[in-house]
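Peer 1: Once you've had a glance at the structure underneath, I'll fire off some questions.
Where a number appears in this text, it was derived from the coordinates with a stated rule and is not lab data. For clarity, every value in this text was computed on a predicted model and none was experimentally measured. Don't worry about glycine lacking a Cβ; one is built from the backbone with ideal geometry, like all the others, and counts go over all protein chains shown.
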Amino acid sequence: MIVLGIETSCDETSVALVEDNKVIANLVYSQILTHKKFGGVVPEIAAREHLKKLPALFNQLLSETQVDISQIDGIAVTKGPGLIGALLVGVSFAKGLALRYNKKLVGVNHIVGHVYANYLAYSELKPPYIVLMVSGGHTLILKVEREGNIRLIGRSVDDAVGEAFDKIARLLNLGYPGGPEIDRVAKLGNPKAFHFPRPKMYDADYDFSFSGLKTAVLYEIEKLKKSGISELPTNDLAASAQEAMIDVLLYKVTKAAKDNNVDKIVLAGGVAANSRLREKLNEFASEIEFYIPPLEFCSDNAAMIARAGMELLKKGIDDGLMLEPVPNLFEMNEIIVGS
């Protein structure tokens, strides 16, 4: 089965062709440089960039792969969660292709797409497993009990971890996006220089909270400035804050795995690219098997959407031209593939 994937949920425009678990091509245009000067994603600008880049990327995809669109079995497009303007561009483009070429069309839950990114690297992956979903918009623990059934068991009650990275990076006058910048400078710092709080780490549930950690970093910066320090120890502050967040993430997700008698943990989302997070997984490797997506599949991309959509197409699902984007799609207690 060959599926065309389209992803435009935030600030990456992407198209891909996936055949079973093999990626034929995965083209991604990042808008980071466009939004960098604003310190974050500007929704209207993001939608305009998608509108400008998506047709060109699609033509490039067909040209580079020499795949005739008549050969594909269906089209999968992100329907949410995400920015409404950005989602509209992708869904509208996918509808046009489905109508023009008489192809099945399925809307994919972006969160589910991140989970299925791992199948592109690990075709042997089978449920049950626990997912640590970490990105700029979401920090979640999911339990995949069987194919097509993904249950939410933990989430951040305030800031997502990626959002916390961005805010702390702003406090330290680092660039945008904050996650990669903190990862970069933290390698030069001492993660034990400052003892920042680990909120909710030992609570009985699997939920997270990162806003208090961000505030603790702010207070520490203010205290250092009042002390008359000539230069902030940015590397140490970044390393210590990063260590606190990663400690909480790994403690919570391994607790969830043990409590649910699951010995496999899957990472998903942009923050899964963090080098310290990947490094610290080794501390638990003797007890739990970790599946970590290749860096190219951590950030938003269309290959993961195509792979998740493939599961829907195999079931005969066709959302057709009635498909509409749902920006707040995640507001639910359970996530079912494509829901």
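Peer 1: Using modelled amide H (1.01 Å from N, peptide plane; none on Pro or chain starts), what sits under 5 Å from the amide H of Phe196, excluding residues fewer than 5 places away?
Peer 2: Residues meeting the criterion, in which the H sits 1.01 Å from N, do not exist here.
Peer 1: Could you give the length gained on full extension between Tyr122 and Ser286, defined as 0.36 nm per residue of separation minus the Cα-Cα distance, in nm?
Peer 2: Values: separation 164, 0.36 × 164 = 59.04 nm, distance 1.93 nm.
Gain on extension, Tyr122 to Ser286, equals 57.1 nm.
Peer 1: What order, most packed first, do the peptides 46-57, 93-104, 267-278, 294-305 have when packing is the mean number of other Cβ atoms within 10 Å of each residue?
Peer 2: On the way: 46-57: 18.7, 93-104: 16.6, 267-278: 22.4, 294-305: 24.7.
Averaged packing, sorted descending, gives the order 294-305, 267-278, 46-57, 93-104.
Peer 1: Checking the cross-link filter: which lysines have an alpha carbon closer than 18 Å to that of Lys214, excluding same-chain neighbours under 8 positions apart?
Peer 2: Candidates past the 8-residue exclusion: Lys167, Lys192, Lys200, Lys223, Lys225.
Peer 1: Please list 107-117, 280-290 highest first by mean number of surrounding beta-carbon atoms within 10 Å per residue. List each step's numbers first, then the result.
Peer 2: Details: 107-117: 27.7, 280-290: 12.7.
So the peptides 107-117, 280-290, ranked by packing, come out 107-117, 280-290.
Peer 1: Then there is this: Who wins for biggest fluctuation among Met310, Met133, Met201 in a Gaussian network model of the chain, springs between alpha carbons below 10 Å?
Peer 2: Maximum fluctuation in the GNM of the chain, among the listed residues, is at Met201.
Peer 1: Residue separation times 0.36 nm, minus the C-alpha to C-alpha distance between Glu44 and Asn173: what's the value? Walk me through the intermediate numbers first.
Peer 2: Details: separation 129, 0.36 × 129 = 46.44 nm, distance 2.55 nm.
My answer for the length gained is 43.9 nm.
Peer 1: Let me ask you something else. Is it possible to state the helix-based mean residue ellipticity at 222 nm for the chain, with each DSSP H run of 4+ residues giving -39500 (n - 2.57), the sum divided by total residues, to the nearest 500 deg cm²/dmol? What is it? Could the numbers behind the result be given before it?
Peer 2: Numbers: 10 runs with 134 residues, N = 339.
When only DSSP H runs of four or more count, the value is -12500 deg cm²/dmol.
Peer 1: Toward the positive end of the charge dipole of region 211-339, about the Cα centre and with charges on Cβ (Lys, Arg +1; Asp, Glu -1), which of Leu329, Ala241, Ile317 goes farthest?
Peer 2: Selected residue: Ala241.
Peer 1: Could you derive backbone 3J(HN,Hα) for region 117-130 from the dihedral phi with the Karplus parameters 6.51, -1.76 and 1.60 (θ = phi - 60°), listing whole Hz in sequence and x where the residue is Gly or Pro?
Peer 2: Once θ is set to phi - 60°, the couplings for region 117-130 become 4, 5, 5, 6, 9, 10, 5, 7, 4, 9, x, x, 7, 9 Hz.
Peer 1: Ordered by packing density, taken as the mean number of other Cβ atoms within 10 Å over each peptide's residues, highest first, how do 6-13, 138-145, 211-218 rank? Please report the intermediate quantities before stating the final value.
Peer 2: On the way: 6-13: 27.6, 138-145: 23.6, 211-218: 17.8.
Ranked by mean Cβ neighbours within 10 Å, highest first: 6-13, 138-145, 211-218.
Peer 1: A further question on this structure: At q = 0.09 Å⁻¹, what log₁₀ I(q)/I(0) does the chain have when each alpha carbon counts as one equal point scatterer in the Debye sum?
Peer 2: At q = 0.09 Å⁻¹ the computed log10 ratios are -0.48.
Peer 1: Largest first and in whole Å, what are the equivalent-ellipsoid semi-axes of region 1-99 based on the Cα gyration tensor, each being the root of 5 times an eigenvalue? If you can, show how the numbers build up before the last one.
Peer 2: Details: eigenvalues 119, 37, 25 Å².
Equivalent ellipsoid of region 1-99: 24, 14, 11 Å, largest first.
Peer 1: Could you state the angle between the C-alpha long axis of helix 302-314 and the longest principal axis of the C-alpha atoms of the chain, as a value from 0 to 90 degrees rounded to the nearest 10?
Peer 2: 50
Peer 1: Return the whole-Å distance between the Cα centroid of region 244-318 and the Cα centroid of region 186-202.
Peer 2: Result: 22 Å between the Cα centres.
Peer 1: Now for a separate question. Select from region 1-85 those chymotrypsin sites (Phe, Trp or Tyr not before Pro) which occupy a DSSP coil region and have at most 12 other Cβ atoms within 10 Å, ordered by residue number. Each step should come with its number before you reach the end.
Peer 2: Values: sites: Tyr29, Phe38, Phe58; in loops: Phe38.
The qualifying sites are Phe38.
Peer 1: What is the Rg over Rh value, at two decimals, for region 157-198, using alpha-carbon atoms and the Kirkwood definition of Rh? Write out the running numbers ahead of the final one.
Peer 2: On the way: Rg = 10.7 Å, Rh = 10.9 Å.
Radius of gyration relative to Kirkwood radius: 0.98.
Peer 1: Can you give me the long-range amide H partners of Ser156? Hydrogens built in the peptide plane at 1.01 Å from N, cutoff under 5 Å, separation of 5 or more residues or another chain.
Peer 2: So Ser156 has HN proximity to Thr139, Phe208.
Peer 1: Here's something else I'd like to know. Given R₀ = 56 Å, what would the calculated FRET efficiency be for Ser70 paired with Ser227, taking r from the Cβ atoms and rounding to 0.05?
Peer 2: Details: r = 69 Å, r/R0 = 1.23.
For Ser70 and Ser227, the calculated efficiency is 0.20.
Peer 1: Can I ask one more? Under 10 Å, Cα contacts only: if you run a Gaussian network model on the chain, which one of Lys167, Lys264, Lys192 comes out with the highest mean-square fluctuation?
Peer 2: So, out of Lys167, Lys264, Lys192, the one fluctuating most is Lys192.
Peer 1: Which of Thr215, Leu132, Ala204 sits closest to the plus end of the dipole of region 127-292, meaning its Cα is farthest towards the positive end, when Lys and Arg get +1 and Asp and Glu get -1 on the C-beta?
Peer 2: My answer, from the dipole projection, is Thr215.
Peer 1: As a test of the definition: which semi-axes, in Å, follow for region 117-244 when you take the square root of five times each eigenvalue of its alpha carbon gyration tensor? Largest first, please. Kindly include the intermediate steps, with their values, before the conclusion.
Peer 2: Working: eigenvalues 216, 52, 26 Å².
So the three semi-axes of region 117-244 are 33, 16, 11 Å.
Peer 1: Check Tyr291: other-chain or 5+ apart residues with amide H under 5 Å from its amide H, H built from backbone geometry?
Peer 2: Those qualifying (amide H under 5 Å, at least 5 residues apart or on another chain) are Ile265, Val266, Leu267.
Peer 1: Also, quick follow-up: I'd like the Karplus ³J(HN,Hα) series for region 109-116: coefficients 6.51, -1.76, 1.60, θ = phi - 60°, whole numbers in Hz, and an x wherever there's a Gly or Pro.
Peer 2: Here the 3J(HN,Hα) series is 5, 4, 5, 4, x, 4, 5, 6 Hz.
Peer 1: When the dipole is taken about the Cα centre of the chain, and only Lys, Arg (+1) and Asp, Glu (-1) are charged at their Cβ, what size is it in debye, to the nearest 20? Numbers along the way, then the final one.
Peer 2: Working: 37 positive and 42 negative charges, 78 e Å.
That gives the chain a dipole magnitude of about 380 debye.
Peer 1: Given labels modelled 7 Å from the Cα in the Cβ direction, how far is it in nm from Asp205 to Lys258?
Peer 2: Modelled inter-label distance: 2.1 nm.
Peer 1: Return the sequence-ordered ³J(HN,Hα) values of region 231-239 in whole Hz as given by the Karplus equation 6.51 cos²θ - 1.76 cosθ + 1.60 applied to θ = phi - 60°, using x for Gly and Pro.
Peer 2: Karplus values, whole Hz, x for Gly and Pro: 8, 5, x, 4, 4, 5, 4, 5, 5.
Peer 1: Only loop residues by DSSP count here, and only those with at most 16 other Cβ atoms within 10 Å; note down the GluC sites (Glu not before Pro) in region 187-249 that meet that.
Peer 2: On the way: sites: Glu220, Glu222, Glu231, Glu243; in loops: Glu231.
Hits after loop and neighbour filter: Glu231.
Peer 1: Less than 23 Å apart at the alpha-carbon level, and either on another chain or at least 8 residues along: which lysines does that give for Lys52?
Peer 2: Counting by Cα, and skipping residues close in sequence, Lys52 has these lysines nearby: Lys36, Lys37, Lys79, Lys95.
Peer 1: Using a simple spin-label model with points 7 Å from Cα along the Cα→Cβ vector, what separation in nm is obtained for Glu19 and Arg146?
Peer 2: Calculated label separation equals 3.2 nm.
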